[in-house]
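Before any comments, here is the structure.
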Amino acid sequence: MEETQATEPQEERAKEPVNLYGEYPYKVDGKGRVGLPAAFRRVLSKDLLIVPDLKQDCVLVFEKADYDKWCESMFVQRFGGYESNNKMHIDLHRQMRARARAAEVDASGRIMIPGDMRGKCDIDKDVVLVGNGDRFEIWDAKRYQQVAEEADLSIFLV
């Protein structure tokens, strides 16, 4: 009986809130695919969205519903909410959705990082996958090391 509960279909698991942690070094193969950690595969569905984060030079990977919530939160933070009759909001919303691409987890537990996103984020072969709550980030390993070294966690100890 316990085993049936432990092997719920991924559609059921996708309805649970996603909360990802940890950093995992991986390699991107010649076709632009990267494996996902087992900890991520256990809680994510097979149908994800991938989008470049040009501010941070990394790629963000979301469940579809979490991406929609993230987009909405951007409008709330910047403008107090999305206004469907505001041309700038409509244009920004369109561009946010246009940059997101489907990323299906294959039978080997990998997703494809599109070549243009790898280029924009300087992702080559060595990457680090970083759990960040409702999403995970894919960083070039050298760039991630630099960003991690710049983050001074001692600020929380004061």
- Measure off, as a whole percent, the carbon and sulfur share of the 1.4 Å-probe accessible area of the stretch 40-147, all protein chains present. 48 percent
- Picking from Phe40, Asn86, Leu60, whose Cα lies most toward the positive end of the charge dipole for the chain (charges on Cβ: Lys, Arg +1; Asp, Glu -1)? Asn86
- Query: What ³J(HN,Hα) values, in whole Hz, does the Karplus curve 6.51 cos²θ - 1.76 cosθ + 1.60 give for the stretch 30-41 when θ = phi - 60°, with x put for Gly and Pro?
  - Reply: x, 9, x, 9, 9, x, 10, x, 4, 4, 6, 4
- Note on the structure: Ordering Tyr82, Tyr24, Tyr67 by the accessible surface of their heavy atoms, 1.4 Å probe, largest first, yields Tyr82, Tyr24, Tyr67
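Output the Kirkwood hydrodynamic radius of the stretch 23-153, Cα pairs only, in Å rounded to one decimal. Could the numbers behind the result be given before it?
Working: mean 1/r = 0.0644 Å⁻¹.
After inverting the pairwise mean of 1/r, the radius is 15.5 Å.
How long is the gain from Phe79 to Asp152 if the chain were fully straight, where each residue apart is worth 0.36 nm and the alpha carbon distance is subtracted? Provide the component values of the computation, followed by the final result.
Numbers: separation 73, 0.36 × 73 = 26.28 nm, distance 3.00 nm.
Value of the extension gain: 23.3 nm.
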- Along the charge dipole of the stretch 23-153, which of Val51, Met112, Gly131 sits closest to the positive end, that is, farthest toward it, with unit charges on the beta carbon of Lys, Arg, Asp and Glu (+1, +1, -1, -1)? Met112
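For the chain, calculate the relative contact order in percent as a whole number, restricting contacts to Cα pairs under 8 Å that are 6 or more residues apart. All intermediate terms of the calculation are to be shown ahead of the outcome.
Details: 224 pairs, mean separation 53.2, N = 158.
So the answer I get is 34 percent.
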- Using θ = phi - 60° and the Karplus form 6.51 cos²θ - 1.76 cosθ + 1.60, what ³J(HN,Hα) does each residue of the stretch 124-134 get, whole Hz, x for Gly and Pro? 10, 9, 8, 10, 10, 9, 10, x, 9, x, 7
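The values are calculated or read from the model by the stated rules, or taken from the named source; none is laboratory data. Here the structure is a predicted model, which is why all the values come from computation and not from measurement. Reconstructed Cβ throughout: ideal geometry from the backbone, glycine too, with neighbour counts over all protein chains shown. Calculation scope for accessible area: heavy atoms of the full protein, side chains included, ligands and nucleic acids excluded. Shrake-Rupley method; radii C 1.70, N 1.55, O 1.52, S 1.80 Å.
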